[in-house]
Amino acid sequence: MTNLIKVAGAELNQTPLDWNNNFENIKNAIETAKEQNVSILCLPELSITGYGCEDAFYAPNTEHQALKILGKILPLTKDLVISVGLPLRFKNKLYNTVVLIVNQKIKGFVAKKHLAGNGIHYEPRWFTPWIEGEFSTIEFDDSYASILGDTSFPFGDLIFNVNGVKIGFEICEDAWVANRPGRTLYHQGVDIILNPSASHFAFDKLDVRKRFVLEGSRAFGVGYIYANLLGNESGRAIYDGGVMIALSGKLLSISKRFAFYNYKVTTATFDLDIARLAQIQSHTSNTGTGNHLVVKDEFKIPRTTPEKHIPVEESWEHSDNIKEEEFGRAVALGLFDYMRKSFSKGYVVSLSGGADSSSIVTLIHLMIKMGIEDLGLEGFKSKLSYFSALSDCEDDKALCEKILTTAYQPTENSGDVTLNAATELAKAVGATFYTIDVNPMYKGYLNAIENAIERKLGWDTDDITLQNIQARVRAPSVWMLANINGALLLSTSNRSEAAVGYATMDGDTSGGLSPIAGIDKNYLRSWLRWMETNGLDNKWNVPELKLVNDQQPTAELRPKDSKQTDEADLMPYDILEEIEKLAIRDKKSPQECQLFLSANHPDASRETIIAWVKKFFQLWSRNQWKRERYAPSFHLDDKNLDPKTWCRFPILSGGFRNELSEL
């Protein structure tokens with residue numbers, strides 16, 4: 001008699017507090033799992049409510065609605081063992097919990113021990129960490145008896161023994177810490193560890209996840225199921241999915257990341273005898289460690305037949321250009337979900353022909369290409385069913401024409417090079433393209449102000465003023481296009497500009513979403529060159545980007561004979577990125593930054609390096625107010641400058657005056 005069990009993990013594209021959507025995805029995942037004869041199913045962390053509820057977690061209604069949904073899930077789980085996440089109050093504290101359901105019955109709630117509180121995560125704001133080894137009973141009001149089948153359930157640090165199969169939990173962050181719960185679960189002879197997660201995307205993060213899944217399954221001698229959220233759940237964080245199932249150090253299954261589905265079930269078959277053999281052969285004592293309540297159930301988990309496991313990853317996952325692949329896929333998926341969840345009828349971009357706006361246009365082009373590949377043309381349109389103008393579109397370019405509206409907005413300081421680049425790029429992807437001459441508005445503001453202050457404005461005396469008004473007069477036109485279309489205006493500012501405030505508030509920062517504010521300009525330029533020649537998975541390249549890539553980045557706001565460039569205004573972009581990394585991510589002082597730069601750039605004079613460092617710290621300090629006002633941006637790595645999700649800094653400060661004087 002074999003001891004084989006069919007198991008699965010599901011990735012879900014949930015939305016905070018969207019009860020119907022979240023339930024439908026869970027329901028569909030359960031039905032799909034049953035169709036595939038799955039016996040144990042792991043769903044992501046907080047999958048009933050959504051992970052990004054923020055202060056709505058405090059509301060009693062959030063818990064109430066979650067319990068109602070839990071009650072609707074129970075009848076769907078006949079002959080199934082399933083875990084699902086939700087927040088629960090216990091003794092007037094709020095906990096991030098996961099419930100194990102066995103054959104339509106709630107067996108208990110496990111509370112998360114290690115809360116994610118760094119960077120984008122604020123779990124300790126809402127939740128209390130559970131104390132290892134503690135367990136109790138949670139009591140619900142009698143009104144929940146008809147919903148949940150009972151009012152009293154085990155709660156805390158639990159292990160579930162389902163007719164001899166022992167199941168334990170590591171909830172997301174629990175697996176990322178040194179003293180992970182899997183250690184004590186191992187000492188209790190657990191067979192299977194479920195890891196319901198809400199692990200947001202960041203560059204290079206997949207390798208870390210693989211390590212703790214594979215190493216956990218090997219070291220603990222268990223079957224391990226990791227299930228993650230998928231898509232742009234609540235606005236800033238993008239979840240890449242990527243279900244992983246491993247047994248005793250061997251990867252059995254892994255799902256495609258950055259998919260456009262609402263849900264996806266990934267299966268494998270666990271040979272429990274293999275897991276138990278690994279524990280037997282480890283010769284490590286199982287006594288004296290761990291204190292759990294063991295919750296028993298006599299449901300006989302169905303056994304199955306052997307299957308051959310060939311975990312297949314997408315070819316691009318092993319590309320030499322993995323960061324370029326991840327960037328394009330993450331932001332494209334983020335844009336798609338942001339559009340449909342906000343019910344926006346497309347996007348509007350002020351397309352200058354430069355790197356920033358061109359990268360956003362390229363990302364929307366990828367959004368459409370990827371969406372059609374995953375969903376098919378009709379499936380893509382179906383997920384945007386509120387956007388009726390798409391119904392008669394027959395290919396990707398027809399979709400792009402309706403989804404993406406672009407406008408080139410020249411003043412007297414604009415040139416033919418950028419106009420040509422903008423025109424050809426819009427044509428290549430199929431976007432709607434307008435040329436809107438804003439020079440009369442620019443001149444109108446000049447005349448109005450000159451008459452008011454009774455003097456002429458000139459470049460020698462009013463340089464910043466004259467540059468900023470050109471950027472600002474572009475905003476009303478593109479906002480009008482967004483209003484006309486019922487679309488969302490995208491801001492084109494990047495992270496390098498955010499760091500030093502090299503952006504015009506209410507000009508190029510105008511928009512409801514800032515999709516590239518989490519990425520530096522130096523990388524964007526490199527990515528555009530790659531997209532020109534290679535493209536995602538060696539397809540979907542855009543040769544017309546050559547017209548953008550051949551330019552030196554410029555704001556085109558000064559007279560043409562000034563030969564204005566961004567790097568002349570600031571410093572070389574690679575240097576700016578290096579100082580930002582040292583000063584903001586690594587928290588180095590100005591003097592330390594100077595020492596590192598001198599070591600890394602021996603050909604640059606000390607005076608030049610000091611000038612770069614001073615300019616960065618001065619501009620950084622005086623422009624926090626701009627970063628506070630940026631439209632929401634996507635979180636992509638640990639160098640994000642968004643005060644909402646990563647890097648907080650006072651709006652008013654001493655500006656590093658003492659530190660800079662020491663240079």
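A few comments on the model shown:
- Test: residue in the range 489-496 that is open to solvent by 60 Å² or more (accessible area, probe 1.4 Å) and modelled with pLDDT of 95 or more: no
- Residues that are more than 19 Å from residue 225 (Cβ to Cβ), open to solvent by 10 Å² or more (accessible area, probe 1.4 Å) and part of a loop (DSSP other than H, G, I, E, B), drawn from the range 134-176: 134, 140, 141, 149, 150, 151
Table: residues versus (1) over 25 Å from the mean Cα position of the chain (by Cα); (2) modelled with pLDDT of 95 or more; (3) not in a helix (DSSP H, G or I).
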| site | (1), (2), (3) |
| --- | --- |
| 529 | no, yes, no |
| 537 | no, no, no |
| 564 | yes, no, yes |
| 588 | yes, yes, yes |
| 596 | yes, yes, no |
| 599 | yes, yes, no |
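So that you can scan it fast, the table gives a plain yes or no per residue for (1) in a loop (DSSP other than H, G, I, E, B); (2) open to solvent by 20 Å² or more (accessible area, probe 1.4 Å); (3) in contact with a Cys (Cβ under 7 Å, 6 or more places away or on another chain):
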| residue | (1), (2), (3) |
| --- | --- |
| 476 | no, yes, no |
| 504 | yes, no, no |
| 508 | yes, yes, no |
| 522 | no, yes, no |
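- The range 1-43, residues that are open to solvent by less than 40 Å² (accessible area, probe 1.4 Å), assigned to a loop (DSSP other than H, G, I, E, B), over 19 Å from residue 226 (Cα atoms) and of a type in the set (A, V, I, L, M, F, W, C): none
- Taken together, 616, 634, 596 contain a single residue that is within 28 Å of residue 239 (Cα to Cα) and among the hydrophobic types (A, V, I, L, M, F, W, C), which is 634.
- Tally of residues being in contact (Cβ under 8 Å) with a residue 12 or more places away in the chain and either on the phi < 0 side of the Ramachandran plot or among the hydroxyl-bearing types (Ser, Thr, Tyr) (or both) across the range 430-462: 14
- Of all residues in the range 141-190, exactly one satisfies the criterion of being closer than 20 Å to residue 41 by Cα and without any contact (Cβ under 8 Å) to a residue 24 or more places away in the chain, namely 164.
- Residues in the range 612-623 that are crowded, with 19+ Cβ neighbours inside 10 Å and under 14 Å from residue 498 (Cβ atoms): 616, 620, 621, 623.
- Restricting the range 103-118 to residues that are closer than 14 Å to residue 198 by Cβ and open to solvent by less than 20 Å² (accessible area, probe 1.4 Å) leaves a set whose member that is modelled with the lowest pLDDT is 116.
- Beta carbons closer than 6 Å, at least 6 apart along the sequence or on distinct chains, never pair a first residue in the range 358-377 that is closer than 17 Å to residue 325 by Cβ with a second that is at pLDDT below 95 and crowded, with 22+ Cβ neighbours inside 10 Å.
- Selection of first residues in the range 400-422 that are free of Cβ contacts under 8 Å to residues at least 40 places away in the same chain and of second residues that are among the β-branched types (Val, Ile, Thr) and outside any helix (DSSP H, G or I), restricted to Cβ pairs under 8 Å at least 6 apart or on distinct chains, gives the following pairs, ordered by first then second residue: 401/432; 410/435; 410/438.
The values are calculated or read from the model by the stated rules, or taken from the named source; none is laboratory data. All of these numbers come straight from a predicted model, not from anything done at the bench. Cβ atoms come from the backbone with ideal geometry, glycine included; neighbour counts cover every protein chain shown. Keep in mind that these areas ignore ligands, DNA and RNA; they rest on the heavy atoms of the full protein, side chains included. Shrake-Rupley method; radii C 1.70, N 1.55, O 1.52, S 1.80 Å.
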